[in-house]
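S.K.: Structure provided below as structure tokens; questions to follow.
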Amino acid sequence: MNINIDLTKKLETIILENRIINENNCWIWKGKIAANGYGQIEFIGFIGQIHRIISYLYLDLDNHKDLCVLHNCDNPLCFNPEHLRLGTRVENNKDKCERNRQAKGFSIRGKLTEEDIREIRNHWNNKEFSMKELSEIYDVKVCQIGRIINGKQWKHII
Ligand SMILES: [Zn+2]
């Protein structure tokens with residue numbers, strides 16, 4: 001971050017003062033929460049995500065700006081640097097999909113109808129949309145579209 005050392009120190013102090021440490025040693029942010037579920041802070045006119053700011057301070061994110069910050073503890077409000085790691089976008093999506101599947105027993109079962117599944121496969125087979133576009137149209141994750149197309153999910157629907 002291009003702000004001076006004193007301000008960085010001050011920002012770090014504010015963030016550390018706003019944590020609750022739980023039994024897993026997660027540092028839980030107790031300030032504002034953004035729509036995406038991550039902790040958020042407004043500081044000297046900037047709005048930043050807590051886990052990313054901490055990654056700038058502790059994990060050298062500054063030199064790897066294209067990387068995502070992943071949570072080893074699966075808690076989006078946690079900002080303990082020992083629970084965070086830098087990863088690629090692909091790893092990030094995989095992480096989220098795995099987590100979603102574990103947490104909800106695969107959300108598409110509740111969300112998509114058998115008709116949707118047929119449509120998705122038809123669109124794909126007719127090369128009408130990309131996987132990314134299909135994920136936006138049907139409001140599910142790209143990896144879930146992948147599973148539908150590859151027949152790993154909803155095998156019984158032809
Ligand atoms: Zn944690």
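S.K.: For the stretch 1-65, I need the span (max minus min coordinate) of the C-alpha atoms along each principal axis, in Å, sorted largest to smallest.
M.R.: If we take the Cα atoms of the stretch 1-65, the spans are 33, 23, 22 Å.
S.K.: Between F43 and N72, what is the label-point separation in nm under the 7 Å Cα-to-beta-carbon projection?
M.R.: So the label points at N72 and F43 sit 2.3 nm apart.
S.K.: Quote to one decimal, in nm, the extra length available between E115 and K65 on full extension: 0.36 nm per residue of separation minus the C-alpha distance between them. Mind dumping the intermediate values first?
M.R.: Numbers: separation 50, 0.36 × 50 = 18.00 nm, distance 4.10 nm.
Net length gain for the segment: 13.9 nm.
S.K.: What does the helix-only formula give at 222 nm for the chain: each DSSP H stretch with n ≥ 4 adding -39500 (n - 2.57), the total divided by the residues, and the result rounded to the nearest 500 deg cm²/dmol?
M.R.: Roughly -13000 deg cm²/dmol at 222 nm, from the helical runs in the chain.
S.K.: Name the long-range amide H neighbours of N80: under 5 Å, sequence gap of 5 or more, or other chain; modelled H, no Pro or chain starts.
M.R.: The list, which skips near neighbours in sequence, is W27.
S.K.: Okay, next question. Any chance you could tell me what percent of the C-alpha pair distances in the chain go past 22 Å?
M.R.: 52 percent
S.K.: In nanometres, what is the gap between the two model label sites at D139 and T88, each 7 Å from Cα along Cα-to-Cβ?
M.R.: Those two pseudo-labels are separated by 3.1 nm.
S.K.: Quick one: F46, F79, F129, fewest Cβ neighbours within 10 Å first, how do they rank?
M.R.: Listed from fewest to most nearby Cβ atoms, that is F46, F129, F79.
S.K.: Which of the residue pairs K32/K111; K9/K65; K30/K111; K32/K96; K32/K132 have a Cα-Cα distance greater than 25 Å in the structure shown?
M.R.: K32/K111; K30/K111; K32/K132
Read-outs: derived from the displayed coordinates by stated rules, not from any lab. Keep in mind that this is a model prediction, so the values were computed, not measured. When we count neighbours, we look across all protein chains shown, and the Cβ atoms used for this are built from the backbone with ideal geometry, even at glycine.
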